[in-house]
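A short worksheet on the structure shown next.
The values are calculated or read from the model by the stated rules, or taken from the named source; none is laboratory data. Quick caveat: nothing in here was measured; it's all calculated off a predicted structure. Backbone-built Cβ (ideal geometry, glycine too); neighbour counts: all protein chains shown. For accessibility, only protein heavy atoms count, side chains too; no ligands or nucleic acids. Shrake-Rupley method; radii C 1.70, N 1.55, O 1.52, S 1.80 Å.
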Amino acid sequence: MTLVRSDEQRKRVFIRTYGCQMNVYDSDRMADVLRPLGYAPAESAAAADLVLLNTCHIREHASEKVYSELGRLRDMKLERRAAGGDLTIAVAGCVAQAEGEEIVRRQPAVDIVVGPQAYHRLPQLLAEAERKAAIRRTGRRLPGAGVLDTEFPAESKFDHLPAPQGVRAGSAFLSIQEGCDKFCTFCVVPYTRGAEYSRPASAVLAEARRLAEAGALEITLLGQNVNAYHGEAAPSSIGGSTWSLARLIRALAEIEGIARIRYTTSHPRDMDDDLIAAHGQVPQLMPYLHLPVQSGSDRILEAMNRRHGRDLFRRIVDRLREVRPDLALSSDFIVGFPGESDADFDDTMRLVSEVGFAAAYSFKYSRRPGTPGSAMSDQLPENVKAARLAALQALLAEQARQFNLSKVGAIVPVLFAEPGRKPGQIVGKTPWLQSVYAGGAVGLIGRIVDARLIDGHANSLAGEIVVQSEAAA
Ligand code: SAM
Ligand code: SF4
């Protein structure tokens, strides 16, 4: 017998996602876990019975934002209780993993703290939180506030999560790898996400087939260090007990319907020969690569424990451009790492000028508790970091604008993803991940359509949809 709930009876969950695409993927998977428990999505915290913050710990202000939000949610919870209702508050993601009980100590209104490896246990955690809420309603003393699960369980959460639902307008994320063993000295990921783990190739292929059947034209493979992928080989495949990322990409490219493959985030050290070759050989692999370099100074790269210098990075870029001349690059940069001198920063600016990036993320170094970088003595003052960031971002923004302008006049396939802000406008992505705004019917959303690029700006391009017959001419 199927349990049918009316709309009023349904519980509602509002998930707020902070940080990276891994978190976006995880939030979708948590929604998948909660759906069978009767939780439908809510538009806002105010409309929800359960609010789940999927948090990011990568930089200090990212975690502080979580505590401010928790303060607002506590007020909402108190108002609801005064009116005879309630609100369940859950904290997931990397702040949950890194701070655990500290979260409940700082904000006792929090009911559940769940680390990234324990999402499949959300139903049990909710049941336990509900049991505690029921005790509180009777006025009896509580056996400790908050329910906590920040274990790294022996079994993989991937074996316990339901099949993903998440295809949005022809695009889907697919998590293939988690954790990291690199221990860059600035980074909390190895502590919050744990040791490197790759999903078996057969599980990834099965998920990709399901996504393709559900309408995914584009699949973005996700991992904190995605090109370190070394999943158990698919049964009956020849050669080796594990598959590399290149091997996986070649197999994914054979799935009918998948027109675009992307992967993020990679480490320069793991760009092996086969992966570089795949960029020239697999047409579905999009000509855009996010390859974080962090700094252009060998001295700083060493202090960061990046295990590559600027020359290795440049050689990789040259080889990628040899096999795929239209490849666009994006990267991550950190300015103001402890001990970074003016000369080190100039090396970064020089590297940017020499390589040329189509897009980039750049950050001031943020001291993360427990990482070797935070214990280094030569921390830089905020004003130096801010000035360097402004100079770097000006250069990167100009490069991004030039890259967009270089495509004006071209006819390119665009995967349309959503309506634009203006009536009659739709927005999509080029193979180089540029946003394109064009006049077009919403029926084109979720499809790949040729568009002529007619104007370029810093962050987007204007385009016009090319009528099929014109595209063929
Ligand atoms: N695995 C990727 C790599 O190898 O570079 C990076 C993943 S990390 C989640 C995303 C980006 O956050 C990093 O590339 C780095 O630029 C930035 N980041 C990490 N820790 C940081 C810190 N302590 N301060 C500032 N930025 C940081
Ligand atoms: Fe963090 Fe990336 Fe370094 Fe791993 S490789 S420690 S995720 S920056």
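What is the number of the single condition among (1) within 17 Å of GLU178 (Cα to Cα); (2) within 16 Å of ligand 2 (Cβ to nearest atom); (3) touching an Asp or Glu at 6+ places or on another chain (Cβ under 7 Å) that VAL226 does not meet?
Going through (1) within 17 Å of GLU178 (Cα to Cα); (2) within 16 Å of ligand 2 (Cβ to nearest atom); (3) touching an Asp or Glu at 6+ places or on another chain (Cβ under 7 Å) one by one, VAL226 breaks only (3).
Check VAL412 against each of (1) open to solvent by 60 Å² or more (accessible area, probe 1.4 Å); (2) out of contact with any helix residue (DSSP H, G or I) (no Cβ under 9 Å at 6 or more places or on another chain) and name the one condition it does not meet.
(1)
How many of the residues in the stretch 60-74 are under 18 Å from ILE15 (Cβ atoms) and among the acidic types (Asp, Glu)?
1
Go through the stretch 50-67 and give me each residue that's away from ligand 1 (no atom under 15 Å from the Cβ) and modelled with pLDDT of 95 or more.
Residues satisfying the conditions are LEU50, VAL51, LEU52, LEU53.
Taking MET76 as the residue in question, decide whether it is at pLDDT 90 or above, crowded, with 20+ Cβ neighbours inside 10 Å and outside any loop (DSSP other than H, G, I, E, B).
It is false that MET76 is at pLDDT 90 or above, crowded, with 20+ Cβ neighbours inside 10 Å and outside any loop (DSSP other than H, G, I, E, B).
Just checking, which of LEU389, LEU396, LEU444 is more than 30 Å from ILE219 (Cβ to Cβ), touching a strand residue (DSSP E or B) at 6+ places or on another chain (Cβ under 9 Å) and open to solvent by less than 50 Å² (accessible area, probe 1.4 Å)?
Being more than 30 Å from ILE219 (Cβ to Cβ), touching a strand residue (DSSP E or B) at 6+ places or on another chain (Cβ under 9 Å) and open to solvent by less than 50 Å² (accessible area, probe 1.4 Å) holds for just one of LEU389, LEU396, LEU444, which is LEU389.
Specify which of the listed residues (ARG324, ARG250, ARG306, ARG269) is among the basic types (Lys, Arg) and more than 23 Å from the chain's Cα centre (by Cα).
Matching residue, one of ARG324, ARG250, ARG306, ARG269: ARG324.
For every residue, the table says whether it meets (1) within 16 Å of ligand 2 (Cβ to nearest atom); (2) β-branched (Val, Ile, Thr); (3) at pLDDT 95 or above; (4) not in a strand (DSSP E or B).
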{"position": "ALA246", "(1), (2), (3), (4)": "no, no, yes, yes"}
{"position": "ALA251", "(1), (2), (3), (4)": "no, no, yes, yes"}
{"position": "ARG262", "(1), (2), (3), (4)": "no, no, yes, no"}
{"position": "HIS279", "(1), (2), (3), (4)": "no, no, yes, yes"}
{"position": "HIS308", "(1), (2), (3), (4)": "yes, no, yes, yes"}
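What about VAL384, is it of a type in the set (Val, Ile, Thr), farther than 21 Å from ASP270 by Cα and open to solvent by 10 Å² or more (accessible area, probe 1.4 Å)?
Taking the combined requirement at face value, the residue satisfies it.
Examine the stretch 293-303 for a residue that is open to solvent by 10 Å² or more (accessible area, probe 1.4 Å), within 16 Å of ligand 2 (Cβ to nearest atom), under 22 Å from GLU354 (Cβ atoms) and small (Gly, Ala, Ser), and state whether such a residue exists.
For the stretch 293-303, residues open to solvent by 10 Å² or more (accessible area, probe 1.4 Å), within 16 Å of ligand 2 (Cβ to nearest atom), under 22 Å from GLU354 (Cβ atoms) and small (Gly, Ala, Ser): present.
Which residues, taken from the stretch 176-195, are more than 10 Å from ligand 1 (Cβ to nearest atom) and among the aliphatic types (A, V, I, L, M)?
ILE176, ALA195
Which of (1) in a loop (DSSP other than H, G, I, E, B); (2) away from ligand 1 (no atom under 14 Å from the Cβ); (3) open to solvent by 40 Å² or more (accessible area, probe 1.4 Å); (4) not hydroxyl-bearing (Ser, Thr, Tyr) is the odd one out, the single condition GLY339 does not satisfy?
Every listed condition holds for GLY339 apart from (3).
Does the stretch 365-378 hold any residues that are open to solvent by 80 Å² or more (accessible area, probe 1.4 Å) and of a type in the set (Lys, Arg), and which are they?
Across the stretch 365-378, the qualifying residue is only ARG367.
May I ask you to list the residues in the stretch 409-461 that are closer than 24 Å to ALA360 by Cβ and aliphatic (A, V, I, L, M)?
ALA410, VAL412, VAL414, LEU415, ALA417, VAL427, LEU433, VAL436, LEU453, ALA458, LEU461
Got a sec? Which of SER331, SER266, SER362 is open to solvent by less than 50 Å² (accessible area, probe 1.4 Å), within 16 Å of ligand 1 (Cβ to nearest atom), among the hydroxyl-bearing types (Ser, Thr, Tyr) and part of a loop (DSSP other than H, G, I, E, B)? Lay out the reasoning, then the answer.
Numbers: SER331 fails: part of a loop (DSSP other than H, G, I, E, B); SER362 fails: part of a loop (DSSP other than H, G, I, E, B).
After applying the criteria, what remains is SER266.
Scan the stretch 16-46 for residues that are closer than 25 Å to TYR361 by Cα and either touching a helix residue (DSSP H, G or I) at 6+ places or on another chain (Cβ under 8 Å) or not in a helix (DSSP H, G or I) (or both) and jot them down.
Listed by number, the residues that qualify are ARG16, THR17, TYR18, GLY19, CYS20, ASN23, ASP26.
Taking into account only those residues within the stretch 417-427 that are assigned to a strand (DSSP E or B) and not acidic (Asp, Glu), which is least open to solvent (accessible area, probe 1.4 Å)?
ILE426
Quick one: which of ALA96, ALA82, ALA90, ALA109 is surrounded by fewer than 20 Cβ atoms within 10 Å (Cβ to Cβ) and within 24 Å of THR192 (Cα to Cα)?
The match here is ALA109.
Within the stretch 428-473, count every residue that is more than 10 Å from VAL412 (Cβ to Cβ), among the polar types (S, T, N, Q) and either part of a strand (DSSP E or B) or at pLDDT 95 or above (or both).
Of the residues in that region, 2 qualify.
Tell me the residue from ASP274, ASP298 that is at pLDDT 95 or above, more than 25 Å from GLY336 (Cα to Cα) and either out of contact with any Asp or Glu (no Cβ under 6 Å at 6 or more places or on another chain) or within 12 Å of ligand 1 (Cβ to nearest atom) (or both), please.
Of the residues listed, the single one that is at pLDDT 95 or above, more than 25 Å from GLY336 (Cα to Cα) and either out of contact with any Asp or Glu (no Cβ under 6 Å at 6 or more places or on another chain) or within 12 Å of ligand 1 (Cβ to nearest atom) (or both) is ASP274.
With of a type outside the set (Ser, Thr, Tyr) and open to solvent by less than 10 Å² (accessible area, probe 1.4 Å) as the only criterion, which of VAL51, VAL147 stands out? Spell out how you get there, then give the answer.
Working: VAL147 fails: open to solvent by less than 10 Å² (accessible area, probe 1.4 Å).
Unique residue meeting the criteria: VAL51.
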